[in-house]
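Encoded as structure tokens, the structure appears first; notes follow it.
The values are calculated or read from the model by the stated rules, or taken from the named source; none is laboratory data. Predicted model only: the values in this text are computed from it and were never measured. All Cβ positions, even for glycine, are placed from backbone atoms using ideal geometry, and neighbour counts span all protein chains on display. Accessible surface areas use protein heavy atoms only, side chains included; no ligands, DNA or RNA. Shrake-Rupley method; radii C 1.70, N 1.55, O 1.52, S 1.80 Å.
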Amino acid sequence: MLWIILKVALKSLLANKMRSLLAMLGIIIGVGAVISMLALGTGAKKQVMQRITSMGTNLLIVRPGGDYRKGIRSTTVETLKLTDAEAILDKIEGVEAVAPLVTARAQVKYFNENMNTTITGAPLTYITMRNFELEKGRVFTSVEKDHSARVAIVGNVVAEQLFGSQDPVGERFRIKNVNFRIIGRLKAKGDQGWFNPDDMVIIPYPTAMKQVIGQDFLNEIDVKIKEGMKLDKVEKRITRLLRQRHRIRMDEEEDFHIRNMAEIVAMASQFTQTFTFLLGGIASISLIVGGIGIMNIMLVTVTERTREIGVRKAIGARNRDILRQFLLEAIIISGLGGLMGIGLGYAAAESIRQFTAYQTIIELRSILLSITVSAAVGIFFGYYPASRAAKLDPIEALRYE
Amino acid sequence: MMIETRKLGKIYHLGKTGYRALDDVNIAIDEGEMVAVTGPSGSGKSTLMHILGCLDTPDEGEYLLAGENVARISGDRLAAIRNRRIGFVFQSFNLLPRLTALENVELPLLYAAQNHPGTAAAKALEKVGLAQRMSHEPNQLSGGQRQRVAIARAIVTNPAIILADEPTGNLDSKMGDEILALFRQLNREGRTIIIVTHEEYVAGHCGRQIRIRDGKVV
């Protein structure tokens, strides 16, 4: 029974190949768009997550100034001191390491090449805390740090811009007209969006504070938490300690704020999720348009085959038999369109991956979703034409020329 | 009585005025009869055929089909009666294009949810002399052959009644004679046959004529 209905449906679709293809086109494009857009969103999410976790996830970042999420933060707050960093490491349980940081934008120069980049004055621990790896060379020693040695580790962007294909390690260059020796080159990490860890020069923080930037306060303290410790618990302890040290009264706002890496991960995850939904949502509009295309074709088909419907009713087809037949045809059109759309979406996602910098990942669930949705579109938009066919009066239908 | 109608009436409403297509029609047809329903166009014979074929229901009166009053039933039950008790043959054959002769004949069995439609359909085609043409599509067959396929389709569910509406109207006289001979053969096998026609020649082949004029039996 089902087989014959299927055969009739397929035959009538094959008899009007061009028309069937045009009817499917909307669904093909719609499903293709949904698949490729979801693949793009998922790819972006993975990429962002990879980059964020490459910065280390069990980190707390202490910065001077109040929380800018609550209002305006002044840019030059000089409250965070080296002694604060030492106190955090000494007095707070669960802290594995701290990295006092000073940062500034500065001109770097190598012969005729020069550029503006971020100078980060950091301790040794910074490299491991932020999951930096060396492409070549070495990190500075504690002796070099303690003696404010003029040694530098350059990021990938700086190395390429100043030295091109030349190996920078061992070369001398200038930061703010101070001579430095390059001892290492960092492996590229990729742009994070809000800052690019490759566009940076790392030097020992005492050197930075005394010789380059000339400030006795810190721009940031990175705190690495011991394995198994709760980030927010340690965050509270640090807040209490710093309030005490900075002599902040109970009713006053803090002059520093603490960022939790887990929070940033959650935020980015939420953002990319929204991005994926948005892309998928826009793409699914074309799926609806495709459904309307199917409804249109099915209405034409029903009108064209009025006489056939009359004959079928005369020989004993019930209304629901007719309904089922035309519904099945609509589902076949949208289902076949959906399958082809998956192929198209796959091809599109693959070429985005090949020819652009974006990553695309096709998940099984987006394929399952597309199949389900295209079948549902077939049922939804096929129902009206099919019920029109089912309700035809057999006598009128038999008379139809 | 295979078919019996009592005071059958059908009224069509055209705007405010009612038009009486059938008026007080009382007919009785025995099992195994071969009857012609004749009358000029617009006489109401088509309306009568639709009601006798359970495609339509009367507004007045009763229609007893093998003793059961079917004048007031509708929808799916009527479809089931058409499927099992009545075989239709049309003037313009009304075969489905793109289906083979065999598949066309199988159709009524599909709606009867029969398990092996192929065998019964093949037998019906053999009976009308088209055993060699089963896999042909309608456009590969002559008019006479198409009408034979339509007759095979009408008898495949083994109905008691065959209802033919101008079955020879689209055929030349030689093919028409063959089709009429086929109806007579089916009639000899015990089937009740009703042929609606306006040709005296066709009506002459039937045992009895029911003449309709202005919605009434004359």
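Every test in (1) within 14 Å of chain A (Cβ to nearest Cβ); (2) in contact (Cβ under 8 Å) with a residue 24 or more places away in the chain; (3) open to solvent by 10 Å² or more (accessible area, probe 1.4 Å) is passed by B:HIS50 save one, and that test is (2). When A:SER370, A:SER387 are checked against the criterion of being more than 14 Å from A:THR306 (Cβ to Cβ) and modelled with pLDDT under 90, A:SER370 stands alone in meeting it.
Suppose the filter is modelled with pLDDT of 90 or more and crowded, with 16+ Cβ neighbours inside 10 Å; does A:ILE248 pass it? So A:ILE248 fails the test.
Tell me, please, whether a residue that is open to solvent by 30 Å² or more (accessible area, probe 1.4 Å) and over 30 Å from A:LEU299 (Cα atoms) can be found in the stretch A:30-37.
Yes, some residue in the stretch A:30-37 is open to solvent by 30 Å² or more (accessible area, probe 1.4 Å) and over 30 Å from A:LEU299 (Cα atoms).
Restricting attention to the stretch B:121-134, the residues that are open to solvent by 20 Å² or more (accessible area, probe 1.4 Å) and either among the acidic types (Asp, Glu) or within 14 Å of chain A (Cβ to nearest Cβ) (or both) add up to 1. Would it be correct to say that B:ALA113 is open to solvent by 20 Å² or more (accessible area, probe 1.4 Å), at the interface with another protein chain (Cβ under 8 Å from one of its Cβ atoms) and aliphatic (A, V, I, L, M)? It is true that B:ALA113 is open to solvent by 20 Å² or more (accessible area, probe 1.4 Å), at the interface with another protein chain (Cβ under 8 Å from one of its Cβ atoms) and aliphatic (A, V, I, L, M). Each residue in the stretch A:181-199 was checked for being modelled with pLDDT of 90 or more and out of contact with any Leu (no Cβ under 8 Å at 6 or more places or on another chain), and 4 of them qualify. Restricting attention to the stretch B:1-44, the residues that are touching a His at 6+ places or on another chain (Cβ under 8 Å) and polar (S, T, N, Q) total 2. Look at (1) open to solvent by less than 10 Å² (accessible area, probe 1.4 Å); (2) within 11 Å of chain A (Cβ to nearest Cβ); (3) in contact with a strand residue (DSSP E or B) (Cβ under 7 Å, 6 or more places away or on another chain) and you find that B:VAL105 fails only one, number (3). Screening A:LEU287, A:LEU241, A:LEU278 for residues that are aliphatic (A, V, I, L, M) and either buried (at least 19 other Cβ atoms within 10 Å of the Cβ) or in contact with a Phe, Trp or Tyr (Cβ under 8 Å, 6 or more places away or on another chain) (or both) leaves exactly one candidate, A:LEU287.
Cβ-Cβ distances below 7 Å connect the following pairs, each with a first residue in the stretch A:290-316 that is on the phi > 0 side of the Ramachandran plot, a second residue that is assigned to a helix (DSSP H, G or I), and a separation of six or more residues or different chains: A:GLY316/B:ALA79; A:GLY316/B:ALA80; A:GLY316/B:ARG82; A:GLY316/B:ASN83; A:GLY316/B:PRO108; A:GLY316/B:TYR111. How many of the residues in the stretch A:311-338 are in a helix (DSSP H, G or I), within 13 Å of another protein chain (Cβ to nearest Cβ) and surrounded by fewer than 21 Cβ atoms within 10 Å (Cβ to Cβ)? Of the residues in the stretch A:311-338, 5 are in a helix (DSSP H, G or I), within 13 Å of another protein chain (Cβ to nearest Cβ) and surrounded by fewer than 21 Cβ atoms within 10 Å (Cβ to Cβ). Annotation: B:PHE93 fulfils all but one of (1) at the interface with chain A (Cβ under 10 Å from one of its Cβ atoms); (2) part of a strand (DSSP E or B); the unmet one is (2). Is it the case that the stretch B:59-74 has a residue that's among the β-branched types (Val, Ile, Thr), without any contact (Cβ under 8 Å) to a residue 24 or more places away in the chain and either surrounded by 21 or more Cβ atoms within 10 Å (Cβ to Cβ) or more than 9 Å from every other protein chain (Cβ to nearest Cβ) (or both)? Yes, the stretch B:59-74 contains at least one residue that is among the β-branched types (Val, Ile, Thr), without any contact (Cβ under 8 Å) to a residue 24 or more places away in the chain and either surrounded by 21 or more Cβ atoms within 10 Å (Cβ to Cβ) or more than 9 Å from every other protein chain (Cβ to nearest Cβ) (or both).
In the list A:TYR383, A:TYR400, A:TYR358, which residue meets the criterion of being more than 14 Å from chain B (Cβ to nearest Cβ) and under 30 Å from B:GLY53 (Cα atoms)? Before the answer, list the steps.
Working: A:TYR400 fails: more than 14 Å from chain B (Cβ to nearest Cβ); A:TYR358 fails: under 30 Å from B:GLY53 (Cα atoms).
So the residue among A:TYR383, A:TYR400, A:TYR358 that is more than 14 Å from chain B (Cβ to nearest Cβ) and under 30 Å from B:GLY53 (Cα atoms) is A:TYR383.
Taking the stretch A:204-227 as the range and being in contact with a Lys or Arg (Cβ under 7 Å, 6 or more places away or on another chain), open to solvent by less than 10 Å² (accessible area, probe 1.4 Å) and in a helix (DSSP H, G or I) as the test, only A:THR207 passes.
Please go through the stretch A:339-358 and give me each residue that is farther than 30 Å from A:ILE297 by Cα, buried (at least 17 other Cβ atoms within 10 Å of the Cβ) and not charged (D, E, K, R), ordered by number.
Kept after step one, since they are farther than 30 Å from A:ILE297 by Cα, are these residues of the stretch A:339-358: A:350-358.
Filter once more, keeping what is buried (at least 17 other Cβ atoms within 10 Å of the Cβ): A:352-353.
If the condition is that a residue be farther than 30 Å from A:ILE297 by Cα, buried (at least 17 other Cβ atoms within 10 Å of the Cβ) and not charged (D, E, K, R), then A:ILE352 is the only one that fits.
List the strands (runs of 3 or more DSSP E) inside the stretch A:90-191, counting only whole elements, that have at least 1 residues being on the phi > 0 side of the Ramachandran plot and open to solvent by 10 Å² or more (accessible area, probe 1.4 Å).
Numbers: elements: A:95-110, A:113-122, A:134-137, A:151-154, A:172-175, A:178-186.
The strands (runs of 3 or more DSSP E) meeting that bar are A:134-137.
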